[in-house]
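A.B. asks: Just passing along the structure, written as structure tokens.
The values are calculated or read from the model by the stated rules, or taken from the named source; none is laboratory data. Being a predicted model, the structure only gives us computed values, none of them experimental. All Cβ positions, even for glycine, are placed from backbone atoms using ideal geometry, and neighbour counts span all protein chains on display. To get the accessible areas, we keep the full protein, side chains included, count just its heavy atoms, and leave off ligands, DNA and RNA. Shrake-Rupley method; radii C 1.70, N 1.55, O 1.52, S 1.80 Å.
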Amino acid sequence: MASPYGGRGQGLRDRQGLFGSGGGNGPGEVHLTMDPSWDLDSEVDGLRANIGRMKGLALDIQEESRLNSQLLNNLEETFEKARANLKRTMKRVDRAFKFTGSSHILLLLVFAIGVIMVFYIWTKIYNMGKFVGKVSGIL
């Protein structure tokens with residue numbers, strides 16, 4: 001059976017077939033030629049500056065993440081406290097509605113009727129005084 005990579009089915013033996021005719025001293029060598037006008041030191045300095053900026057950015061992101069985490073934890077604590085207060089208040093309200101031994105609803109009704117009666121009597125007295133004043137010519 002023929003190998004899909006060529007040869008006798010044992011895979012590639014060297015890199016000469018992949019990278020051209022070769023020309024190196026041995027198999028697997030790669031030759032690189034650089035333009036002499038290219039300044040390697042300035043490129044390294046530029047990369048160092050970029051790495052410094054990236055490091056600062058990463059530290060800022062880390063600090064922001066830490067602050068957001070603290071804020072989220074504080075918010076969760078606040079919600080837990082509010083939930084506990086609401087639960088306690090709901091228990092009190094339920095207890096107040098279920099408590100039948102007290103006549104607080106009756107007292108509230110009597111108070112409301114008393115306030116309405118006082119207001120009614122006051123308006124009648126005021127209107128009567130206004131009428132008497134008109135008749136006698138005082139007002």
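A.B. asks: Would you calculate the separation in nanometres between label points at ALA49 and HIS31, each defined as 7 Å from the Cα along the Cα-to-beta-carbon direction?
C.D. replies: It works out to 3.6 nm between the two label points.
A.B. asks: Leaving out ligands, DNA and RNA but keeping every protein chain, what accessible area does ASP45 have, in Å² rounded to the nearest 10, with a 1.4 Å probe?
C.D. replies: In the full protein context, ASP45 sits at about 90 Å².
A.B. asks: Sticking with this one: Report, ordered by chain and residue number, the lysines lying within cross-link reach of LYS91, taken as a straight Cα distance under 29 Å and ignoring same-chain residues fewer than 8 apart.
C.D. replies: LYS81
A.B. asks: Mind jotting down the distance between the C-alpha centroids of segment 68-84 and segment 48-63, whole Å?
C.D. replies: With segment 48-63 and segment 68-84 each reduced to a Cα centre, they are spaced 31 Å.
A.B. asks: Can you spot the lysines whose alpha carbon is less than 24 Å from LYS98's alpha carbon? Ignore those fewer than 8 places along the same chain.
C.D. replies: LYS87
A.B. asks: Return the Rg/Rh ratio of segment 47-139 with Cα-based radii and a Kirkwood Rh. Provide the component values of the computation, followed by the final result.
C.D. replies: Working: Rg = 34.2 Å, Rh = 21.1 Å.
Here Rg/Rh amounts to 1.62.
A.B. asks: Can I ask one more? Starting from the Cα of LYS124, draw a straight line to each of the lysines and keep only those under 24 Å, dropping any in the same chain fewer than 8 residues away.
C.D. replies: LYS134
A.B. asks: Percent of Cα-Cα pairs more than 12 Å apart in segment 41-100, please. Before the final figure, lay out each step's value.
C.D. replies: On the way: 1379 of 1770 pairs.
For segment 41-100, the fraction of Cα-Cα distances above 12 Å is 78 percent.
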